[in-house]
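The values are calculated or read from the model by the stated rules, or taken from the named source; none is laboratory data. All figures in this text were calculated on a predicted structure; none of them were measured in a lab. As a convention, Cβ positions derive from the backbone with ideal geometry for all residues, glycine included, and neighbour counts pool all protein chains shown.
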Amino acid sequence: MFNNDTSPEVKQKILKEAQTLFIKNGFKGTSVRDIAKASGTNVAMVNYYFTSKYNLFEIIFEDALDIFTKRIFDTITSDLPFLELVETWIHTYYELLFEYPQIAAFILNEVALNPDGLTQRIRKRNPYNSFSKIEARIEEEVKKGTIRETPAADFLLNILSMCMFPFIFGNMAMTLMEIPRNTYDELIANHEKYVIEFTINALKPCDNKQNSISTLQ
């Protein structure tokens with residue numbers, strides 16, 4: 001149907017331009033026609049290579065998710081000192097979500113339309129290995145007295161929700177606060193520091209937390 005010599009190049013061009021548009025405008029704000037125009041192709045060619053906009057978005061998401069989960073799991077299973085690991089872990093979430101905002105959009109879409117499919121996507125990347133490692137690290141730190149008693153599942157859910165929520169509901173937040181994207185991005189960058197400080201303070205043993213409060217006073 002198309003020149004075989006240029007087909008791989010055309011396919012990569014479509015992928016590259018589609019990723020740029022999805023990041024800029026989101027899934028709903030990007031049309032196949034937009035992708036075709038940006039990539040110098042046409043709607044028929046985009047559909048030929050990728051069948052549909054959703055399928056194209058899914059391919060881009062899978063690639064981003066591979067990078068995302070590898071970076072997160074590598075951080076969780078690293079041998080960094082525990083509190084440094086927590087800080088790096090949170091920073092990695094923010095860094096990746098700024099770089100791949102389509103992940104947040106896709107997760108929100110899959111939670112609503114295909115939660116079982118999203119679960120399988122995550123499960124095939126073996127998250128249990130990372131969970132077991134961080135659970136063991138938490139137990140070790142509790143025994144040493146460096147952090148308070150902390151259920152690993154609750155801890156993981158807290159970090160995930162605090163890091164993901166600002167990106168998943170970014171558009172709604174900007175609308176409610178009546179602020180532009182660049183202002184919201186600055187707010188989120190500062191919010192990262194708050195999440196790190198909040199999380200580390202929540203981990204400290206009660207005596208240490210009281211000492212920190214007394215020092216601030």
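Let's see how each residue does on (1) surrounded by 13 or more Cβ atoms within 10 Å (Cβ to Cβ); (2) under 15 Å from the mean Cα position of the chain (by Cα):
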| site | (1), (2) |
| --- | --- |
| LEU108 | yes, yes |
| ARG137 | yes, no |
| ASP154 | no, no |
| PHE167 | yes, yes |
| GLU178 | no, no |
| ASN182 | no, no |
| LEU187 | yes, no |
| PRO205 | yes, no |
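If the condition is being free of Cβ contacts under 8 Å to residues at least 60 places away in the same chain and hydrophobic (A, V, I, L, M, F, W, C), then the range 170-196 contributes MET172, ALA173, MET174, LEU176, MET177, ILE179, LEU187. The residues of the range 59-89 that are within 17 Å of THR20 (Cα to Cα) and surrounded by 17 or more Cβ atoms within 10 Å (Cβ to Cβ), listed by number, are ILE60, PHE61, ALA64, LEU65.
From the list MET162, MET172, the lone residue that is within 20 Å of the chain's Cα centre (by Cα), more than 23 Å from HIS91 (Cβ to Cβ) and either among the hydrophobic types (A, V, I, L, M, F, W, C) or surrounded by 12 or more Cβ atoms within 10 Å (Cβ to Cβ) (or both) is MET172. Only helices (runs of 4 or more DSSP H) whose full extent lies in the range 1-67 are considered here, and the ones with at least 1 residues that are touching a Pro at 6+ places or on another chain (Cβ under 9 Å) are 7-25. For the range 106-121, a residue qualifies if it is assigned to a helix (DSSP H, G or I) and over 18 Å from PHE22 (Cα atoms), and the qualifying residues are VAL111, ALA112, LEU113, PRO115, ASP116, GLY117, LEU118, THR119, GLN120, ARG121.
Just wondering, is there one or more residues in the range 93-110 that are of a type outside the set (Lys, Arg), in contact (Cβ under 8 Å) with a residue 12 or more places away in the chain and in contact with a Cys (Cβ under 6 Å, 6 or more places away or on another chain)? There is at least one residue in the range 93-110 that is of a type outside the set (Lys, Arg), in contact (Cβ under 8 Å) with a residue 12 or more places away in the chain and in contact with a Cys (Cβ under 6 Å, 6 or more places away or on another chain). Looking across the range 120-139 at every residue that is over 16 Å from TRP89 (Cβ atoms) and in contact with a helix residue (DSSP H, G or I) (Cβ under 9 Å, 6 or more places away or on another chain), the one that is modelled with the highest pLDDT is identified as GLU139.
Only a single item in (1) of a type outside the set (Phe, Trp, Tyr); (2) in a helix (DSSP H, G or I); (3) over 9 Å from the mean Cα position of the chain (by Cα); (4) in the same structural domain as ARG125 (by TED's automatic domain parsing) is not met by ILE103, and it is number (3).
Here the condition is being modelled with pLDDT of 90 or more, surrounded by 15 or more Cβ atoms within 10 Å (Cβ to Cβ) and of a type in the set (S, T, N, Q); of THR92, THR51, it holds for THR92 alone.
Whenever a residue of the range 197-208 is among the aromatic types (Phe, Trp, Tyr), its partners that are modelled with pLDDT under 95 and surrounded by 16 or more Cβ atoms within 10 Å (Cβ to Cβ), lying with C-beta atoms within less than 8 angstrom and at least six residues away or across chains, give the pairs PHE198/MET162.
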